[in-house]
Amino acid sequence: MKRILFYLIIMLQVIVIGFLTYQFEKIDRTGHQIKIQTLSPDFPVYGDFIDGDMYVEYDINKIQEDRWEDSLPLDYHTPVFVLLQEDKTGVFRVRHASTDKIEAKNDNEFVLKGTYHYYDQERDFHYVNYGLEHIKQADQFGTFKPRDELIVTILIGKWGQYKVVGIDKWNE
Amino acid sequence: MNKGKLRKEGEKWVNDGIITDEQLEAILNNYVKRDQSYLLVLFAVFLMGIGVLIFIFSDWAQVPHLSRLSVMVISMLILYIAGHYFYNRSSGKNAELNNPVSLVDPDRRSQIYGISFIVLGFIFFGATLFLILNMYQVIFFNVWPFIIWSIVGLLLYSVYEISLLFVFALLITIFSQIYSALAFSTFNLIVFLIFIFGYFHYVFHRAKPIFNYFFAIGLSIQILIATLVELDQYYWFIFLTLLMYMLGEIIPKKALKQAFIYVSLLSIYIFKMYESFLLQEEYFLNDLIVEPSFFIVLGIVWIGAFIYQWKQNRSELINLLLFIPFFFIPYSYVFIILSMFIFSIYWLIVGFQSKHDNKTIIGIVSFLICTFTVYIQFAWETLNKSLFFLLGGLLLFVISFILEKKRRRTEYGEGGHKK
């Protein structure tokens, strides 16, 4: 009896790992594709390659006060929902942000989850971190200079997983 | 007791004619020399566990995803099966092994191997979980991977009652709550429910000292996190800790009772120390809002606790003094320090009079914390910093001298003769 239970629990662990891997593998088919724009950096580390990886800052990171539904500022690291809307060029921009769950109403909208970081008083925006700011092996998409404004194409999966599928220069 | 020490003592008894040589040998034969080899295995498990975790998060650069994953899963399976095999081999030989296994059992080498392999398998499972999250760049907004890991630990423990496994899984659960607070500033209710309903079940029924204290400290940490993250006003900590203290009073198991009471007393005491500092800060007082609901619920529970303790053991009624809130009155920090002081003096006196070690320790520890608090309050700004440490040391000397003198007096009587 004990033996069977033990093997069942081991099987369960393998199934959990297998299930998650299967879910993550199929992102190419089920992931939602969005394009977001990076900003030219105001801090030297952004936009630079480090071992082929790149740290960038997006325009969706900085959210103006009037886009928020909550009393601000929030606590550091509070999870927030950000509703993005596609503009004419196909790039997603921030429509509004909230700590309550938001639903996307149509295909032009997408809800991204992030964590609140801080309020920049001088330039008047609230910084939200999405975890998408670190692009691994960005050098496979070409070489970029820090001053380039880039359009990053990202697949977002259901389980909070993401995959960068393309980086293009703006205006090209 | 240590066998070498026992032999030394025993030889004195033989010389004094209390026992004979044969009797000493007979006594010594009852004490098997402890096999310390389990320590090596324990450290081996820890080193390997740390090694695996670091290895996973380093980039194994060119190795493709699925083969990395298969390496991990296969190693995990091998570890589990090997652990299972060794563990059962040991219980096959030894029929009495049905009782819960302690880490410190000698002559059970294969059992030790079994334990360490199963624990390593469990570590590998968690490492694999985080490997796939890292490989597929998964961002998580709550601690669900930790929750899976914690539940698996609990399930494994339900089959094989390995203390090391339990402690490890318990630490993962506590850590996941801390992580939840730091990374998402959220108190994770699911983690808390697993902690209370899953882990407490085993802590309660197995009643091992090591479980008790880890659990009590974990509970106290979660109370602190819940207060800081979810509740607006810091003083709810007093109420939640009072609940924990009451739980300790009500619980029928003695060892568990002690763990709950001591840990809750220590945490409320340290809390009071911080509170007394903060209540002198302007910015802190400005944010302070007095919520009437707090006084109502605290009052009800406090009176309940008072009546319960009045009936059970009146000598420990003083503990409830620590749970009286003072923050709403002017010069509250003076009252807080005063209550801490009364508490520590009471336990010092009671401890020395009753010669009860635990009580004396409560007294000494609380007295030291209290003195330090007062010292920092009133002398930190006026005195030179090096002088602070010098005088602090001096103060401790004086205290220890007085305590020692008092101890001798109680032990030997006023005239200096042993009673």
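Here, each number is a calculation from the coordinates, and none is a lab measurement. For clarity, every value in this text was computed on a predicted model and none was experimentally measured. Here Cβ is always computed from backbone atoms with ideal geometry, including for glycine, and neighbour counts include all displayed protein chains.
Per residue of A:2-15, count partner chain C-beta atoms within 10 Å of its C-beta, then hand back the mean as an integer. Walk me through the numbers on the way to the answer.
Numbers: counts 5, 3, 1, 5, 11, 4, 2, 7, 10, 1, 3, 16, 6, 0.
Averaged over the peptide's residues, the number is 5.
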*Long-range amide H contacts for A:Q64: which residues qualify at under 5 Å (H placed 1.01 Å from N, peptide plane, sequence gap of 5 or more or a different chain)?*
A:H126
_In sequence order, calculated HN-Hα J values of segment A:86-102 (Karplus, 6.51, -1.76, 1.60; Hz; x Gly/Pro)_ = 6, 8, 4, 7, x, 8, 8, 10, 6, 9, 8, 9, 7, 7, 7, 5, 10
_For segment A:125-136, Karplus couplings with θ = phi - 60° (6.51, -1.76, 1.60), whole Hz, Gly/Pro x_ = 8, 10, 8, 10, 9, 10, x, 9, 6, 9, 9, 7
*Given charges at beta-carbon only (K, R positive; D, E negative), |dipole| of the protein assembly as shown in Debye*: 3060 debye
*Cα to Cα, under 16 Å, and not fewer than 8 places away if on the same chain: which lysines meet these conditions relative to B:K405?*
B:K355, B:K418, B:K419
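Please label the shape of segment A:31-169 as rounded, prolate or oblate, based on the square roots a ≥ b ≥ c of the eigenvalues of the alpha-carbon gyration tensor (a/c under 1.5 means rounded; beyond that, a/b larger than b/c means prolate, else oblate). Before the final figure, lay out each step's value.
On the way: a/c = 1.78, a/b = 1.29, b/c = 1.37.
Oblate, since a/c reaches 1.5 and b/c is not below a/b.
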*Under a point spin-label approximation (7 Å from Cα along Cα-to-Cβ), what is the A:D28-B:I329 distance to one decimal in nm?*
7.3 nm
*Counting Lys and Arg as +1 and Asp and Glu as -1, what is the net charge of the other residues whose Cβ lies under 11 Å from the Cβ of A:F125?*
-3
*Between segment B:258-288 and segment A:105-125, what is the C-alpha centre distance in whole Å?*
36 Å
*Using Cα pairs under 8 angstrom and six or more residues apart, how large is the relative contact order of chain A, in percent?*
27 percent
_Please arrange A:V164, B:V334, A:V56 by how many other C-beta atoms lie within 10 Å of their C-beta, fewest to most._
B:V334, A:V164, A:V56
*Ranked by Cβ crowding within 10 angstrom, fewest neighbours first, how are A:K35, A:K88 ordered?*
A:K88, A:K35
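Sequence gap at least 6, Cα distance under 8 Å: using those rules, report the relative contact order of chain B to the nearest whole percent. Write out the running numbers ahead of the final one.
Details: 366 pairs, mean separation 35.7, N = 419.
9 percent.
Which pairs in the list B:K257/B:K311; B:K208/B:K272; A:K105/A:K158; A:K62/A:K163; B:K254/B:K359 are over 19 Å apart, alpha-carbon to alpha-carbon?
Working: B:K257/B:K311 17 Å; B:K208/B:K272 30 Å; A:K105/A:K158 17 Å; A:K62/A:K163 22 Å; B:K254/B:K359 15 Å.
From the list (B:K257/B:K311; B:K208/B:K272; A:K105/A:K158; A:K62/A:K163; B:K254/B:K359), the Cα-Cα distance tops 19 Å for B:K208/B:K272; A:K62/A:K163.
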*Between B:I329, B:F43, B:S176, whose Cα lies farthest towards the positive end of the dipole of the protein assembly as shown when Lys and Arg beta carbons carry +1 and Asp and Glu beta carbons carry -1, centred on the Cα centre?*
B:F43
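Please state the shape class of segment B:35-412: rounded when a/c is under 1.5, otherwise prolate if a/b exceeds b/c and oblate if not, all from the C-alpha gyration tensor.
prolate
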*Exposure proxy ranking, count of Cβ atoms within 10 Å, fewest first, for B:E230, B:E249*: B:E230, B:E249
*Quick one: net charge of B:Y157's neighbours, Cβ under 15 Å, K/R +1, D/E -1?*
+2
*Tell me which residues come under 5 Å, amide H to amide H, from A:V165 once H is placed; ignore anything under 5 positions away on its chain.*
A:T153, A:I154, A:L155
*Ratio to report: Rg/Rh of segment B:163-281, with Cα atoms as the point set and Rh obtained by the Kirkwood method; give two decimals.*
0.98
*Any idea how far apart A:T143 and B:F306 come out in nm if each label point goes 7 Å out from Cα toward Cβ?*
7.9 nm
*Taking H as built 1.01 Å from N, whose amide H comes closer than 5 Å to the amide H of A:G131, not counting residues under 5 places away?*
none
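Using a cut-off of 13 Å between beta-carbons, work out the net charge of the residues near B:L320 (Lys and Arg +1, Asp and Glu -1, B:L320 not included). Can you show the working numbers first?
Details: positive: B:R314; negative: B:E249, B:E316.
With Lys, Arg at +1 and Asp, Glu at -1, the net is -1.
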_Apply the Karplus curve 6.51 cos²θ - 1.76 cosθ + 1.60, θ = phi - 60°, to the phi angles in segment B:45-53 and return the couplings in whole Hz, x for Gly and Pro._
4, 5, 4, 5, x, 5, x, 4, 4
